[in-house]
Amino acid sequence: MFSSAGFSGSETSFIYTAQIERKESDLKDKGVPYEKYRYQPKFGERYKNIKAVGLFVVEWGDAATFVPKSGEERVVYKSLQFHRLRVAQLKVPDLESRIHFGRGVLDKTGGYVYATGYEPTKDSRFLGIIGCYNRPSAIWRLKLKKDYKDDGTIDNEAEKLTEEGLSCRSPRIIYHDGKGTLVYLAHKTFGPHHSCGQLYAINLASKERRLLVDAVWESDLDSEDFER
(Lines give C-alpha, C1' and ligand atoms only; values in the text may rest on other atoms or scores of the structure.)
Protein backbone atom coordinates (compact mmCIF):
# COMPACT_ATOMS: atom_id res chain seq x y z
CA MET A 1 0.00 0.00 0.00
CA PHE A 2 2.90 2.38 0.57
CA SER A 3 5.77 0.59 -1.15
CA SER A 4 7.11 1.60 -4.54
CA ALA A 5 10.04 1.07 -6.87
CA GLY A 6 10.76 2.62 -10.25
CA PHE A 7 13.34 4.10 -12.63
CA SER A 8 13.61 7.59 -14.04
CA GLY A 9 13.14 8.10 -17.79
CA SER A 10 16.90 8.30 -18.31
CA GLU A 11 17.40 5.09 -16.30
CA THR A 12 20.16 6.75 -14.28
CA SER A 13 18.23 6.84 -11.01
CA PHE A 14 15.91 4.56 -9.06
CA ILE A 15 13.43 5.30 -6.26
CA TYR A 16 12.05 2.96 -3.62
CA THR A 17 10.26 2.98 -0.27
CA ALA A 18 11.83 1.45 2.83
CA GLN A 19 11.14 1.14 6.52
CA ILE A 20 13.07 3.54 8.74
CA GLU A 21 14.49 2.40 12.05
CA ARG A 22 14.73 5.10 14.69
CA LYS A 23 18.34 5.62 15.72
CA GLU A 24 19.51 6.72 19.13
CA SER A 25 20.50 10.11 17.70
CA ASP A 26 16.91 10.60 16.51
CA LEU A 27 15.51 9.97 19.99
CA LYS A 28 17.13 12.98 21.61
CA ASP A 29 14.84 15.71 22.87
CA LYS A 30 16.08 18.29 20.32
CA GLY A 31 14.69 21.11 22.43
CA VAL A 32 11.31 19.42 23.06
CA PRO A 33 10.95 17.97 26.59
CA TYR A 34 10.55 14.17 26.66
CA GLU A 35 10.38 13.97 22.87
CA LYS A 36 12.05 10.56 22.84
CA TYR A 37 9.19 9.16 24.95
CA ARG A 38 6.48 10.44 22.65
CA TYR A 39 4.17 7.71 21.35
CA GLN A 40 4.77 6.86 17.71
CA PRO A 41 1.75 5.13 16.09
CA LYS A 42 2.12 2.11 13.85
CA PHE A 43 0.82 1.52 10.32
CA GLY A 44 -2.07 -0.72 11.34
CA GLU A 45 -3.07 -4.20 10.23
CA ARG A 46 -0.41 -6.28 8.44
CA TYR A 47 2.13 -3.53 9.18
CA LYS A 48 1.98 -3.64 12.97
CA ASN A 49 5.77 -3.50 13.33
CA ILE A 50 6.27 -0.50 11.05
CA LYS A 51 6.30 2.98 12.56
CA ALA A 52 8.03 5.02 9.87
CA VAL A 53 8.83 4.77 6.15
CA GLY A 54 10.72 6.99 3.75
CA LEU A 55 11.65 7.45 0.12
CA PHE A 56 15.17 6.64 -1.03
CA VAL A 57 16.84 7.40 -4.34
CA VAL A 58 19.74 5.55 -5.97
CA GLU A 59 21.67 7.48 -8.61
CA TRP A 60 24.45 6.36 -10.94
CA GLY A 61 26.26 7.67 -14.01
CA ASP A 62 25.32 7.21 -17.63
CA ALA A 63 26.22 3.82 -19.02
CA ALA A 64 29.23 3.54 -21.32
CA THR A 65 28.16 1.64 -24.42
CA PHE A 66 30.11 -0.64 -26.71
CA VAL A 67 29.70 0.59 -30.29
CA PRO A 68 29.47 -2.34 -32.76
CA LYS A 69 31.80 -2.46 -35.76
CA SER A 70 29.35 -4.42 -37.90
CA GLY A 71 25.64 -5.14 -38.08
CA GLU A 72 26.20 -8.60 -36.62
CA GLU A 73 27.51 -7.29 -33.31
CA ARG A 74 25.07 -6.27 -30.62
CA VAL A 75 25.14 -3.04 -28.64
CA VAL A 76 25.98 -3.88 -25.03
CA TYR A 77 26.63 -1.90 -21.88
CA LYS A 78 30.28 -1.98 -20.85
CA SER A 79 29.89 -0.27 -17.52
CA LEU A 80 27.30 1.45 -15.34
CA GLN A 81 30.08 3.39 -13.65
CA PHE A 82 29.11 2.21 -10.18
CA HIS A 83 31.95 4.25 -8.67
CA ARG A 84 29.46 7.14 -8.89
CA LEU A 85 26.66 5.20 -7.21
CA ARG A 86 24.89 7.28 -4.57
CA VAL A 87 22.02 6.37 -2.24
CA ALA A 88 20.14 8.89 -0.14
CA GLN A 89 16.92 9.30 1.78
CA LEU A 90 14.66 12.11 0.57
CA LYS A 91 13.66 14.44 3.39
CA VAL A 92 11.50 17.52 3.68
CA PRO A 93 12.69 19.31 6.85
CA ASP A 94 9.41 21.13 7.51
CA LEU A 95 7.29 17.97 7.12
CA GLU A 96 9.38 14.99 8.20
CA SER A 97 8.13 15.02 11.79
CA ARG A 98 4.51 14.40 10.82
CA ILE A 99 4.22 13.10 7.24
CA HIS A 100 5.37 9.73 5.91
CA PHE A 101 6.10 9.67 2.18
CA GLY A 102 5.55 6.51 0.14
CA ARG A 103 4.38 5.39 -3.31
CA GLY A 104 6.95 7.59 -5.03
CA VAL A 105 7.37 7.81 -8.80
CA LEU A 106 10.10 9.69 -10.70
CA ASP A 107 9.30 11.82 -13.71
CA LYS A 108 11.12 11.46 -17.04
CA THR A 109 13.86 13.89 -16.09
CA GLY A 110 14.50 12.35 -12.70
CA GLY A 111 14.25 15.85 -11.21
CA TYR A 112 10.88 15.43 -9.50
CA VAL A 113 9.24 12.77 -7.35
CA TYR A 114 5.47 12.48 -7.04
CA ALA A 115 4.50 10.67 -3.86
CA THR A 116 1.71 9.97 -1.41
CA GLY A 117 2.09 11.75 1.91
CA TYR A 118 0.39 9.96 4.81
CA GLU A 119 -0.64 12.37 7.55
CA PRO A 120 -1.82 11.98 11.16
CA THR A 121 -5.21 13.20 12.34
CA LYS A 122 -5.51 16.43 14.33
CA ASP A 123 -5.38 14.46 17.57
CA SER A 124 -2.14 12.73 16.44
CA ARG A 125 -3.70 9.38 15.55
CA PHE A 126 -2.43 7.58 12.45
CA LEU A 127 -5.05 5.49 10.68
CA GLY A 128 -4.04 2.14 9.23
CA ILE A 129 -2.75 1.75 5.68
CA ILE A 130 -4.82 -1.27 4.64
CA GLY A 131 -8.39 -0.35 3.76
CA CYS A 132 -8.43 3.04 5.50
CA TYR A 133 -8.75 4.99 2.27
CA ASN A 134 -10.48 7.79 4.19
CA ARG A 135 -7.35 8.56 6.22
CA PRO A 136 -5.65 11.95 5.70
CA SER A 137 -3.28 11.67 2.73
CA ALA A 138 -2.28 13.81 -0.23
CA ILE A 139 -0.18 13.80 -3.40
CA TRP A 140 3.04 15.80 -3.12
CA ARG A 141 5.68 16.88 -5.61
CA LEU A 142 9.26 16.77 -4.31
CA LYS A 143 11.92 18.67 -6.21
CA LEU A 144 15.12 16.65 -6.05
CA LYS A 145 18.29 18.45 -5.14
CA LYS A 146 21.81 17.19 -5.73
CA ASP A 147 23.38 18.28 -2.44
CA TYR A 148 23.93 14.93 -0.76
CA LYS A 149 24.65 15.24 2.96
CA ASP A 150 27.21 13.23 4.88
CA ASP A 151 24.42 11.43 6.77
CA GLY A 152 23.02 10.00 3.52
CA THR A 153 20.06 12.35 3.13
CA ILE A 154 18.91 15.04 0.72
CA ASP A 155 16.72 17.96 1.80
CA ASN A 156 14.01 18.60 -0.76
CA GLU A 157 11.35 21.17 -1.50
CA ALA A 158 7.79 19.84 -1.41
CA GLU A 159 4.57 21.11 -2.93
CA LYS A 160 1.12 19.74 -2.11
CA LEU A 161 -0.83 19.17 -5.32
CA THR A 162 -4.21 17.90 -4.10
CA GLU A 163 -7.02 19.71 -2.35
CA GLU A 164 -8.08 19.52 1.29
CA GLY A 165 -10.93 17.16 2.13
CA LEU A 166 -9.72 14.42 -0.19
CA SER A 167 -7.62 11.42 0.78
CA CYS A 168 -5.40 10.79 -2.25
CA ARG A 169 -3.06 7.91 -3.08
CA SER A 170 -1.33 5.81 -5.76
CA PRO A 171 0.13 8.45 -8.14
CA ARG A 172 1.06 7.37 -11.66
CA ILE A 173 2.51 9.40 -14.54
CA ILE A 174 1.26 8.97 -18.11
CA TYR A 175 3.04 10.57 -21.08
CA HIS A 176 1.29 11.32 -24.36
CA ASP A 177 2.64 13.47 -27.20
CA GLY A 178 5.47 14.57 -24.92
CA LYS A 179 3.09 15.85 -22.23
CA GLY A 180 2.88 14.36 -18.74
CA THR A 181 -0.30 13.70 -16.79
CA LEU A 182 -0.42 12.56 -13.18
CA VAL A 183 -3.33 10.29 -12.29
CA TYR A 184 -4.31 9.21 -8.78
CA LEU A 185 -7.16 7.79 -6.69
CA ALA A 186 -9.11 9.87 -4.17
CA HIS A 187 -11.71 9.34 -1.45
CA LYS A 188 -13.49 11.75 0.87
CA THR A 189 -11.43 12.27 4.02
CA PHE A 190 -13.18 10.62 6.99
CA GLY A 191 -15.92 9.47 4.64
CA PRO A 192 -17.17 5.88 4.30
CA HIS A 193 -14.54 3.30 5.15
CA HIS A 194 -13.16 1.47 2.08
CA SER A 195 -15.63 3.24 -0.22
CA CYS A 196 -15.72 3.59 -3.99
CA GLY A 197 -13.04 6.02 -5.12
CA GLN A 198 -12.62 8.73 -7.73
CA LEU A 199 -9.96 8.99 -10.41
CA TYR A 200 -8.30 12.40 -10.84
CA ALA A 201 -5.73 13.77 -13.27
CA ILE A 202 -3.30 16.69 -13.04
CA ASN A 203 -1.61 18.29 -16.03
CA LEU A 204 2.04 18.43 -14.94
CA ALA A 205 2.75 21.55 -16.98
CA SER A 206 -0.25 23.71 -15.97
CA LYS A 207 -1.07 21.88 -12.69
CA GLU A 208 -4.70 21.93 -13.78
CA ARG A 209 -6.68 19.28 -11.91
CA ARG A 210 -9.74 17.47 -13.29
CA LEU A 211 -12.00 14.59 -12.34
CA LEU A 212 -11.80 11.67 -14.76
CA VAL A 213 -14.08 9.09 -13.13
CA ASP A 214 -16.49 9.97 -10.34
CA ALA A 215 -17.49 7.63 -7.51
CA VAL A 216 -20.27 5.22 -8.50
CA TRP A 217 -22.70 4.58 -5.66
CA GLU A 218 -25.27 2.54 -7.60
CA SER A 219 -24.07 0.49 -10.56
CA ASP A 220 -26.22 0.00 -13.65
CA LEU A 221 -25.08 -3.03 -15.61
CA ASP A 222 -26.98 -1.83 -18.67
CA SER A 223 -25.24 1.54 -18.68
CA GLU A 224 -22.57 2.34 -21.28
CA ASP A 225 -20.36 3.63 -18.44
CA PHE A 226 -19.26 0.05 -17.73
CA GLU A 227 -17.85 -2.45 -20.18
CA ARG A 228 -18.65 -6.07 -19.59
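The values are calculated or read from the model by the stated rules, or taken from the named source; none is laboratory data. As the structure is a prediction and not an experimental result, all values here were calculated from the model. For neighbour counting, all protein chains shown are included, and Cβ atoms are generated from backbone atoms with ideal geometry for every residue, glycine included. Side chains included, ligands, DNA and RNA excluded: accessible areas come from the protein's heavy atoms. Shrake-Rupley method; radii C 1.70, N 1.55, O 1.52, S 1.80 Å.
Close amide H contacts of Tyr112 (hydrogens built in the peptide plane, cut-off under 5 Å, sequence separation of 5 or more or a different chain): Asp107, Leu144.
The accessible area of Val113, taken with all protein chains in place and a 1.4 Å probe, comes to roughly 0 Å².
Take every Cα pair under 8 Å whose residues are at least 6 apart in sequence, average their separation, divide by the length of region 103-180, and the relative contact order is 31 percent. Of Lys91/Lys149; Lys42/Lys188; Lys91/Lys207, which sit over 20 Å apart, Cα to Cα? Correct reply: Lys42/Lys188; Lys91/Lys207. Shape of region 123-174 from the C-alpha gyration tensor: prolate (a/c of 1.5 or more and a/b above b/c, with a ≥ b ≥ c the square roots of its eigenvalues). If you sort the three axes of the alpha carbon gyration tensor as a ≥ b ≥ c, you get a/c of 1.5 or more for region 81-228 and a/b no higher than b/c, which makes it oblate. Backbone N atoms of region 192-208 closer than 18 Å to the 7 Å Cα→Cβ label point of Arg125 belong to residues 192-195.
Label-to-label distance, Tyr16 versus Tyr47, with points set 7 angstrom from Cα along the beta-carbon direction: 1.7 nm. Whole-Hz Karplus values for region 9-20 come out as x, 7, 6, 10, 8, 9, 10, 8, 9, 9, 6, 10 Hz, taken residue by residue from phi with 6.51 cos²θ - 1.76 cosθ + 1.60 and θ = phi - 60°; glycine and proline positions read x.
Kindly provide the GluC sites (Glu not before Pro) of region 150-195 that DSSP labels as loop, not H, G, I, E or B, and whose Cβ sees at most 15 other Cβ atoms within 10 Å. Working shown, then result.
Details: sites: Glu157, Glu159, Glu163, Glu164; in loops: Glu163, Glu164.
Answer in residue order: Glu163, Glu164.
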